[in-house]
Amino acid sequence: MSTMFRMCFLLIFISPALAVLCNPADKKALLQLKQDLNNPYLLASWDPPDSDCCYWDTVTCDRKTHRIISLTIFDNVPFSNFSAQIPPSIANLPYLQSLEFHKLPNLTGPLQPAIAKLTQLTFLRISWTNISGPVPSFLAQLKNLTYLDLSFNNLSGTIPSFLSQMPNLGTLHLDRNHLTGSIPESFGYFKGSSPGFYLSHNNLSGHIPKSLNNLNLTFIDLSRNNLEGDASMLFGSNKTVLTVDLSRNHRLAFNLSNMVFPSSLTSLDLNHNKVHGGLPQELTELNLEYLNVSYNSLCGEIPVGGKLQSFDIYSYLHNKCLCGSPLPPCT
């Protein structure tokens, strides 16, 4: 068989198969979604009728089934023409495992209830948009979700307790919204593994639930809220937390002197609170990459050793009577 004949054979019998990888129902759903989103320029590749939608921008198909499993609609172009709400037609992509609407400042309205029908989702990010309204209860139906990011939006209302009942949730981003009320007590009793909490830049108030002592968090960011009282339940020798940011709550008040820190801790930010006592010697044993305890009510000499002297004075300034390197000597 000549080389030319083999090439013709491949063109005739293989090329048509490659042209129909995309499931027709998924292709129809994408075109409807594009229309419902007002045909934005960023979806311009979703057009040729004879093209394979598995190769369209922002779309990923499963290699075996060729069903669409990932959709990322992202726009960082200034003055983009993208302006819409999330349409109900998003539910017509039932095999989605990952869905992302990101950096779309003209994406408005509430979170679309039809998302609840996407029960195979493991990753959901709707961030840097102008969606509004409460964190909706229908999210509880997404039992496979491991990553939920609703940050940098205009969400309001309280943090719903049902989030702790999501069995596989590993990361929760609700930061930079307009959420109010307290952190639910139920957050100390997550059904699955303890998720990373990112709740900063909201209007949360009240005490940090003591039930959080039950969790072994890796990352926790409660900064720039109006929380008050104790935060010692977030620490302990049995924890494996890496990063704790409680800064700029202004009313968190607890004694740092006898705090037991996990050996895993690499970043600690307590600035602009009412933390009192002194810095424990144990801090010298940690491999800290970041530390800020400024604007508190700490006293005593900064322990010498470890990385404590590697941070500049701004990490320690504006305390009651803290002294020693890198601050002026104690007298």
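The values are calculated or read from the model by the stated rules, or taken from the named source; none is laboratory data. Here the structure is a predicted model, which is why all the values come from computation and not from measurement. Every residue, glycine as well, gets a Cβ built from its backbone with ideal geometry; the counts of neighbours run over all protein chains shown. Keep in mind that these areas ignore ligands, DNA and RNA; they rest on the heavy atoms of the full protein, side chains included. Shrake-Rupley method; radii C 1.70, N 1.55, O 1.52, S 1.80 Å.
The long axis of helix 3-13 is offset from the longest Cα principal axis of the chain by roughly 80 degrees. Between 0 and 90 degrees, the angle of helix 24-36 with respect to the longest Cα principal axis of the chain falls at about 60 degrees. Each part reduced to its alpha carbon centroid, the stretch 25-50 and the stretch 92-128 end up 16 Å apart.
Potential lengthening of the chain between Thr331 and Gln141 amounts to 62.3 nm, from the contour at 0.36 nm per residue minus the alpha-carbon distance. Cα centroids of the stretch 189-254 and the stretch 263-307: how far apart, whole angstrom? Spelled out, the Cα-based centre of one part sits 17 Å from the other. Ordered from longest to shortest, the equivalent ellipsoid semi-axes for the stretch 181-331 are 26, 17, 12 Å, each the square root of 5 times a Cα gyration tensor eigenvalue. Multiplying each eigenvalue of the alpha-carbon gyration tensor of the stretch 140-225 by 5 and taking the square root yields semi-axes of 18, 15, 11 Å, largest first, rounded to whole angstroms.
For the stretch 196-331, a simple Cβ point-charge model (Lys and Arg +1, Asp and Glu -1, everything else neutral) yields a dipole of about 300 debye relative to the Cα centre. Taking each residue as 0.36 nm, the span from Ser132 to Ser83 lengthens on full extension beyond its C-alpha to C-alpha distance by 16.2 nm. With each label modelled as a point 7 angstrom along the Cα→C-beta vector, the His178-Asn255 pair spans 4.2 nm.
Label-to-label distance, Gln309 versus Glu289, with points set 7 angstrom from Cα along the beta-carbon direction: 2.4 nm.
Residues in the stretch 147-199 average 34 Å² of solvent-accessible surface per residue, probe 1.4 Å, ligands and nucleic acids excluded. A simple spin-label model places the labels of Lys28 and Asn203 4.6 nm from each other, with each point 7 Å out along Cα-to-Cβ. Tell me, what is the FRET efficiency for Ser161 and Ser264 to the nearest 0.05, using R0 = 25 angstrom and their Cβ-Cβ distance as r? Calculated transfer efficiency: 0.35. Ratio of Rg to Rh for the chain: 1.12 [Cα atoms; Kirkwood radius as inverse mean 1/r over pairs].
Across the accessible surface of the chain, with the other protein chains kept in place and a 1.4 Å probe, carbon and sulfur atoms take up 55 percent.
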